[in-house]
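Where a number appears in this text, it was derived from the coordinates with a stated rule and is not lab data. Note that this is a predicted model, so its numbers are computed, not measured. Note: ideal-geometry Cβ built from the backbone for every residue, glycine included; neighbour counts use all protein chains shown.
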Amino acid sequence: MSPQLYRPVQPTKSLIVLALSLAFMCWVSVAAAEGRQQEGMLRVGAEQPALYLPLLEGKKVGLVVNQTSRVGDQHLIDVLRGKGVAVARIFALEHGVRGRVENGGKVADGIDGPSGLPIVSLYGSHYKPSEKSLQGLDWLVFDIQDVGVRFYTYISSLHYLMQACADFNVPLMVLDRPNPNGDYVDGPVLEPAFRSFVGMHPIPLIHGMTVGELAQMINGEGWLENAARCDLKVIPVSGYRHAQSYSLPVQPSPNLPNDLAIRLYPSLGLFEGTTVSVGRGTTSPFQVLGHPADSRGEFTFTPHPVSGASENPKHNGVALRGDDLRGTVPPHRLDLGPLLDWLTRTGETRDEFFSRAAFFDKLAGTDRLRHAIMAGDSEAEIRATWQPALHAFRAQRKPYLLYPDISPQAQE
């Protein structure tokens, strides 16, 4: 079965490739233009100090930040300290405080060089802050750019932060940011049996919510342990609506280097549970697909270890053949076409193709997707099974939305 929503770059179809490339360039240009036009209108939570500085004045504050925690050209750490806020410590999630740690790399306790502040790691041996690490704090402030995909682990870290704040009576402030995949809702809703750090909540794979909205839903739906409630304050984005394009000013993690990777990530991320490489260990992660046995693709690449990563990339040092997606139009739904296509391209049995079946199921939030693919179900048949749960989710999340305008097309 050939892919339905993307077209690999083919030298023999140069006009098609040119058209697709121009279309994506136009999409990026529109997003950038919107950003420029809205500089005085669209302001992320961190860019509205009048809404949060009065709450932090005279308080001892802990920060959950990374390289995306920017206020213009400054890091939030420097902005708050410059305003006299008593920042006591920094909590580091996956990829670290400055975003220099590759996927799976060690994020350790230590000292943040530029600020001299102590760092408490929340990635690795434990995800939840201890009572001791929160001791003496009057506020915990969360300012992390998310990408709107359930298996992107910052929202799992948010859950543990909310749990700790509820358990140890520390209020949590979320400085909200737009969701670059916030214009649609799609994919299977997570089933409880497949709950893990790459999927903690009964939400679709692409949930269409910002971190602030999701934090409100976690509280409101009683998803914390013992239905605890976190003392939560969300500083919303000014001038934002879900349907608009948003180009991230800073890459959210090392393997999502640009807008295209971020838009392809929801669909290509599922390949992490298969034998197909998504380009980790190259300069184009989540923009290429390859396998040693493929004979159909026109594109070749060889993954190599990346400095800071704790593991070698899939097919390390092996020349792979496959698809270059860098001239494609990003889909506005979860695209199963690539998975169904590659299922027949590697020469492997279906069990061999799903080399990390348990992990694939955790990413999908269900084992039904894998079983349906292995049974030969079509994309239309598979998508039809999601619709009742998606409909229920859209109704369930309505009370927690802070921003309007999910486009009707995104719901089809």
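Please give the FRET efficiency for Gln135 paired with Ser238, using the beta carbon to beta carbon distance and R0 = 30 Å, rounded to the nearest 0.05.
Here the calculated transfer efficiency is 0.30.
Sorted by average packing, counted as other Cβ atoms within 10 angstrom per residue and highest first, what order do 161-171, 351-361 take?
So the order, starting with the most tightly packed, is 161-171, 351-361.
Can you list which of the GluC sites (Glu not before Pro) found in region 244-326 are DSSP loop residues with at most 14 other C-beta atoms within 10 Å?
Glu298, Glu311
Run through the DSSP bridge list for region 45-235 and note the antiparallel percent, rounded to the nearest 5.
Counting DSSP beta bridges with both partners in region 45-235, the antiparallel share is about 30 percent.
Below 13 Å, Cα to Cα, which aspartates and glutamates can Lys59 reach? Residues fewer than 8 away in the same chain don't count.
Asp138
In this model, which of Lys128/Lys398; Lys233/Lys398; Lys233/Lys362; Lys132/Lys233; Lys128/Lys314; Lys83/Lys128 are farther than 21 Å apart at the alpha-carbon?
Violating the 21 Å limit, Cα to Cα: Lys128/Lys398; Lys233/Lys362; Lys132/Lys233; Lys128/Lys314; Lys83/Lys128.
Please work out how much length the chain gains when fully extended from Met41 to Ala395, using 0.36 nm per residue of separation minus the C-alpha to C-alpha distance, in nm with one decimal.
The Met41-Ala395 span can extend by a further 124.6 nm.
Give, in nm to one decimal, the length gained when the segment between Thr344 and Thr302 is fully stretched (0.36 nm per residue of separation minus the Cα-Cα distance).
13.0 nm
I'd like the FRET efficiency for Asn312 and Ser125, computed as 1/(1 + (r/R0)^6) with the beta carbon distance as r and R0 of 25 Å, rounded to 0.05.
In this case the efficiency is close to 0.70.
For a quick check: with amide H placed at 1.01 Å from N, whose amide H comes under 5 Å from Val71's, ignoring anything fewer than 5 positions away on the same chain?
Leu76
Can you list residues from other chains, or at least 5 along the same chain, whose modelled amide H is less than 5 Å from the amide H of Ala86?
Gly58, Lys59, Val61
Above 21 angstrom, tally the Cα pairs of region 42-159 and express them as a % of all pairs, no decimals.
Roughly 35 percent, rounded to a whole number.
What does the convex hull of the Cα atoms come to per residue for region 94-235, in Å³?
Enclosed volume per residue, from the Cα hull, is 123 Å³.
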